[in-house]
Amino acid sequence: MESPIIVKGNSVNLTLPVEGDIEYLIKWINDPEINKYLRFPNRIFFRKDEEEWLESIRKNQEGLKIFIIRDVEQSRPMGTIGLHNIDKYNGHAELGYLLAKERWGKGHMTEAVSLMVNYGFQVLNLRKIYAFVKEGNIASIKVLKKNDFNEVGRFREHDYVPYEGFRDLLIFEKFRQHEKIRNSTG
């Protein structure tokens, strides 16, 4: 099944998840190197979990926007990215993402985050996007900083990282840039 493109980029597109993506999702989410910095690194995910997750995305259109990151040339899935806890009243959402190991270090996630942030600001009319990153996840910190996110705080020794112990949870945020309104009265 062809996956509709929601946001087009130069090297990656953000698409709707489809049934054929489940095998990739299971592989990525259960890979200890990929999931060690996720919220629940020791959880094992089964096919049924991923099917239910896809169904929850479909049902929760207001509070959640999750996309598959696909290679522009081959349209192969390489990761996921999404806005969680979308609060339209206050205009903010939490950014989350993961990338297949074979795609690490190639700039794909930097572009995907840029596309997702623009989608959040331009399409969803959010004013702020924030992200939580476990201390030690250097690649994710670099991606956020390249996308002009600022570290604004941390929870000390907040989350457990397998084989590393308790780490600080860093808080990043980015505000939408507002155009200055010119005084039309002269």
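Overview of results
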item	result
Rounded, prolate or oblate (a/c below 1.5 giving rounded, otherwise prolate when a/b exceeds b/c) for the range 14-63 by Cα gyration tensor	prolate
Paramagnetic reach from residue 148 (point 7 Å along Cα→Cβ, amide N under 18 Å) across the range 90-114	92-93, 95, 110-114
Mean separation of Cα contacts under 8 Å, 6 or more apart, over the residue count of the chain: relative contact order %	17
Surface/4 of the Cα convex hull for the range 86-144, nm²	4.2
Difference of contour (0.36 nm per residue) and Cα-Cα distance, residue 39 to residue 104	21.5 nm
Separation of the residue 175 and residue 71 label points, Cα + 7 Å toward Cβ, nm	4.0
Gyration tensor (alpha-carbon) shape descriptor, the range 77-186, a/c threshold 1.5	prolate
Lysines whose Cα lies under 25 Å from that of residue 142, excluding same-chain neighbours fewer than 8 positions away	8, 27, 36, 65, 101, 106, 128, 134, 174
Lysines with Cα under 22 Å of residue 59, excluding same-chain neighbours fewer than 8 positions away	48, 88
Cα shape, the chain, gyration tensor, a/c 1.5 rule	oblate
Length released on extending from residue 5 to residue 48, taking residue separation times 0.36 nm less the Cα-Cα span	13.0 nm
Dipole magnitude of the chain, debye to nearest 20 (Cβ charges: Lys/Arg +1, Asp/Glu -1, about Cα centre)	660
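Read the figures in this text as sums done on the coordinates, not as results from a lab. Treat the numbers as computed from the prediction; the structure is a model and nothing was measured. Note that each Cβ is placed from the backbone with ideal geometry, even for glycine, and that neighbours are counted across all protein chains shown.
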